[in-house]
There are 2 protein chains.
Amino acid sequence: MNVEIVAVGTELLLGQIADTNGQWLGEQLAAAGVDSYFHQAVGDNQRRIVTALSTALARGDAVITCGGLGPTQDDITREAIAEVMRVSLVRDGELARRIEQFFSARGRTMPESNLRQADVPEGAAVIDQRRGTAPGLICPIGRKVVYALPGVPDEMAEMFERAVLPDLKRRMAEAGERGVIQSRVLRTWGVSESALAEALQGQIDALDARPGAGGRAGTVTIAFLASGIEGLKVRLTARADDSAAARSLLDAEEREVRKVLDAAFGDIVFGVDDVSMEQAVATLLVERGLTLGVAESLTGGLVASRLVDVPGASTWLRGGVVAYDSNVKFSVLGLREGPVVTDEAAVAMAQGACRVLRAAVGLGITGVAGPDPREGLAPGTVFVGLALGDGATAARRLRLSGDRQRIRQFSAISALDLLRRTLRTPAHGSEGPTLG
Amino acid sequence: MNVEIVAVGTELLLGQIADTNGQWLGEQLAAAGVDSYFHQAVGDNQRRIVTALSTALARGDAVITCGGLGPTQDDITREAIAEVMRVSLVRDGELARRIEQFFSARGRTMPESNLRQADVPEGAAVIDQRRGTAPGLICPIGRKVVYALPGVPDEMAEMFERAVLPDLKRRMAEAGERGVIQSRVLRTWGVSESALAEALQGQIDALDARPGAGGRAGTVTIAFLASGIEGLKVRLTARADDSAAARSLLDAEEREVRKVLDAAFGDIVFGVDDVSMEQAVATLLVERGLTLGVAESLTGGLVASRLVDVPGASTWLRGGVVAYDSNVKFSVLGLREGPVVTDEAAVAMAQGACRVLRAAVGLGITGVAGPDPREGLAPGTVFVGLALGDGATAARRLRLSGDRQRIRQFSAISALDLLRRTLRTPAHGSEGPTLG
């Protein structure tokens, strides 16, 4: 059984809103073990909705539409489905009565156009509305089916869970299908996507060679996703008969992948699933009872602003100094006058942050965002410095590529990663893995 | 000319990430007057990418793919396009050399798999990479064309603007498509979307009543788009025979809209098109030869990090203090011990920023991001303070709604807007329009 999602609405094509309904439905289908190979978005145009539906029905077993069920003239999903089914729309008296009641219960006069929502393609079943006025539809077409849901996210989600998913499961059971798909994401920082892939190639080949690989149950796949400041993600996806079996496959595979990555690159996995780099740093600081102060030059407050997004940041984050102008580095952070793009300057910024902000740990970031060189250094040259309460310091030089914004973002995650690695070493400080 | 967008990546189907590339491209195509009737998303599966491409080419004139150009085994957009073109992939020696250089310039060993990125379908032209390693492709198929772009958003956007859009425009001109669609965006801050729409309703009705409204040439439409920290956008879109005619329609309409907004709300238009709030502030600071220092509490560096993104910020931005912990407000910024979420505290933070950072103008932001109240104040209560070189100060209390992140973002743009409005008044300072 494979299901295509067709999102209806000109505003999607114009980029005025993101297709969050398609994203949510994709997630739900995957979690339920239902395959979905294609998504489409189409505007409020009957001929083109018919094209999209016909395309989807030709390459799949079922289609879920969202949007275009409202009361206005540009809501024409009902008409398009009737055309694909080659039937007429008939007004459902019971539905019409309920829509009228919806308005009268709220003391409002119903605009006549709302009765369009009581029009149903002949042969379709109605999914009751519990939140608004647009009913959903289950429209059989031969052995296939089109489910029509409203575009309002919470109405769509409620109807999907109550009516569409059970109907899909019944159809899958009739077809003799079962199973779930679950994913787990290992977030990494420090090596390129191709290096990760190369290190894990043996693992991927081993998975491909297992009996049943590519089949339905008991298989795992590995994929990679570069995600900027969120790190480079390694995604493990398991198919199994039920969720416990999927979880156990993922546990086993995660152990293997971690073993390979650890042997090849050391400590590059900073988080699992939703755990961001800043969350990982926060957890370590809280465990060790340490406070943090940040001194930023080229990142201009980006590191601090990501740290404050971590819930509970007020218990360990003292604050930051954005020393964009060199004079601020001298007067506020106490750097000696001289070059400010060096590893010594980064460490001095970190020490200044500790002192000025009265923090146990200081993080300093200085470098060249570009487009012009500075102090004879090319854009992308960045120094990160660390100062720890015990007087220990660490520094690292980075060579980043890209435009100003990318250099800033990679500087921010790299700086936090240096802090994370250092805090993870038993005698955090001078023996850390990343001394400059 | 109509263009279909095909986003490639299993993670899109699984709902693990939103298709922000498709959304961005949709927006760009609309702004350029290029029709786009369908979007598709498809997983990392060659047979299905071929199906998606064939479907798109059958119903459109051009296709833009994003994703699947990376170095790993699941990056197979190149192979799928070659199959649709019925040609082979050939390794481009020059490209291979550049990819090797990309790694050696960074002192890294290139994994062999990276050379897959130098494989090009016969007959395709290469779009150089300027940020990463995956080149883009322009692949003619009869009179139609497939543009292949990487999935990394900033690489995709840069290539679209530099290579795809100009090529599309050239094809449209060759096809004799006259008629352009041009848009102009007035960015506003300070009133709600519904208030804007209500104020401009008369203007919208007048446009609808004009001869030719809804037709192709000589018409203008108005739309609204809430864009978070980018402000609330009023988009004017003109259809005309050529760009001079479109521009003149937009000029006339902009004058009318500004007149209405000015009469209803005062100075709420802070920028046109790409001019962000921070750019507007920067322009005023440069005009007046002033330097700026920022003191941030709940925004945690967000204001400073946006300011450093303005080209040339180093001439007017001294830096910032992120006083997340109250003690930093006392010890670094010199606030008297006591409540720190008041208008006096915001002004004192601004004065502290001037003194500590040796800046002519100081901006202070304090407030409650939530979820819990603080000092008896509800989440969303925010104070912005200003200190000007002549001793004048200003403050404003905001009541914002939403989650922590939204409250922070709205605080940041509101703070910059207070600074902008104050700098725009002739005797900037105590006679400003926004004194608390």
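Any read-out appearing in this document is the output of simple, stated calculations on the displayed coordinates, not a laboratory observation. Worth saying up front: this structure is predicted, and the values here are computed from it rather than measured. Counting neighbours? That spans all protein chains shown, and the Cβs are built from the backbone with ideal geometry, glycine included.
Could you give the nm distance between label points at B:E79 and A:E79, where each point is 7 Å from its Cα heading toward the beta carbon?
4.4
Under a 5 Å amide H to amide H cut-off, with H placed in plane at 1.01 Å, what residues pair with B:G9 once short-range neighbours are removed?
Here the answer is B:V42, B:G43, B:D44, since their amide H atoms fall under 5 Å of that of B:G9.
In deg cm²/dmol, rounded to 500, what helix-only [θ] at 222 nm does chain B give when every DSSP H run of at least 4 residues adds -39500 (n - 2.57) and the total is split over its residues?
So the helix-based figure for chain B works out to -11500 deg cm²/dmol.
Tally Lys and Arg at +1 and Asp and Glu at -1 over the other residues with C-beta under 11 Å from the C-beta of A:V332: what net charge comes out?
+4
Over the Cα atoms of segment A:288-424, compute the convex hull volume and normalise it per residue, giving Å³.
In segment A:288-424, the Cα convex hull volume per residue is 92 Å³.
Determine, for each peptide in B:292-301, A:357-366, the mean count of other beta carbons within 10 angstrom over its residues, then list the peptides with the highest first.
Per-residue Cβ counts within 10 Å, averaged per peptide and sorted highest first, yield B:292-301, A:357-366.
Gap in Å between the Cα centre of segment A:357-374 and the Cα centre of segment B:397-428?
So the separation of the two Cα centres works out to 27 Å.
Taking every residue in A:401-407, how many Cβ atoms of other protein chains lie within 10 Å of its Cβ, on average?
Mean inter-chain Cβ contacts per residue within 10 Å come to 4.
Please arrange B:D343, A:D208 by counting, for each residue, the other beta carbons lying within 10 Å of its beta carbon, fewest first.
Ascending number of Cβ neighbours within 10 Å: A:D208, B:D343.
From the backbone phi of segment B:345-352, what are the Karplus-calculated ³J(HN,Hα) couplings (6.51 cos²θ - 1.76 cosθ + 1.60, θ = phi - 60°) in whole Hz, Gly and Pro given as x?
5, 4, 5, 5, 5, 4, 5, x
Work out the mean other chain Cβ neighbour count within 10 Å for the residues of B:33-42 and drop it here as an integer.
Shielding by partners across B:33-42 averages 6.
Enumerate the amide H contacts of A:D92 below 5 Å, restricted to partners 5 or more residues apart or on another chain; note that Pro and chain-start residues carry no placed amide H.
A:D119, A:V120
Please compute the average number of Cβ atoms from other chains found within 10 Å of each residue's Cβ in peptide A:4-17.
The per-residue average across the peptide is 5.
Per residue of segment B:121-129, what does 6.51 cos²θ - 1.76 cosθ + 1.60 with θ = phi - 60° give for ³J(HN,Hα)? Whole Hz please, x for Gly and Pro, Karplus curve as stated.
For segment B:121-129, the Karplus curve yields x, 4, x, 8, 9, 9, 9, 4, 8 Hz.
Have a look at B:L89, B:I64, B:L53 and report the one farthest towards the positive end of the charge dipole of segment B:48-92, computed about the Cα centre with Cβ charges (Lys/Arg +1, Asp/Glu -1).
B:L53
If R₀ is 41 angstrom, what is the calculated FRET efficiency for the pair A:A125 and B:Q46, using the beta carbon separation as r and rounding to 0.05?
0.60
What spacing in nm lies between the two simple spin-label points modelled at B:D241 and B:A18, each 7 Å away from Cα in the Cβ direction?
The modelled label-to-label distance comes out at 4.2 nm.
When the Kirkwood hydrodynamic radius is evaluated over all pairs of different C-alpha atoms of chain A, what value in angstrom, to one decimal, is obtained?
The answer is 25.4 Å.
Please build a GNM for chain A, connecting alpha carbons under 10 Å apart, and tell me which residue among A:R143, A:R247, A:R396 fluctuates the most.
A:R143
For A:T393, A:T219, which order do you get if you count the other beta carbons within 10 Å of each Cβ and list the fewest first?
Ascending Cβ contact count within 10 Å gives the list A:T219, A:T393.
Once you have the Kirkwood Rh of segment A:3-174 from its Cα pairs, apply Stokes-Einstein at 20 °C and 1.002 mPa s and quote D in µm²/s.
The Stokes-Einstein estimate is 133 µm²/s.
Taking neighbour Cβ counts within 10 Å as the exposure measure, how do A:E155, A:E337, A:E198 sort from fewest upward?
Exposure proxy ranking, most exposed first: A:E337, A:E198, A:E155.
State the Cα centre-to-centre distance between segment B:43-65 and segment B:169-199 in whole Å.
One Cα centre to the other: 29 Å.
Got a sec to turn the phi values of segment A:160-165 into Karplus ³J(HN,Hα) couplings, 6.51 cos²θ - 1.76 cosθ + 1.60 with θ = phi - 60°, whole Hz, x for Gly and Pro?
Couplings: 4, 5, 6, 10, 6, 4 Hz.
For A:R178 and A:R108 in one chain, what is 0.36 nm times their gap in residues minus the Cα-Cα distance, to one decimal in nm?
20.5 nm
Which lysines have a Cα lying under 21 Å from the Cα of A:K169, excluding residues fewer than 8 positions away in the same chain?
By straight Cα distance, A:K169 reaches A:K144.
Given H placed on each backbone N at 1.01 Å, which residues far from A:D241 in sequence or on other chains put an amide H within less than 5 Å of it?
Correct list: A:V180, A:G218.
Can you list, shortest first and in nm, the gaps between the label point of B:R358 and those of its counterparts in the other copies, using a point 7 Å from Cα in the C-beta direction?
Its label point is 2.6 nm from the equivalent points in the other copies.
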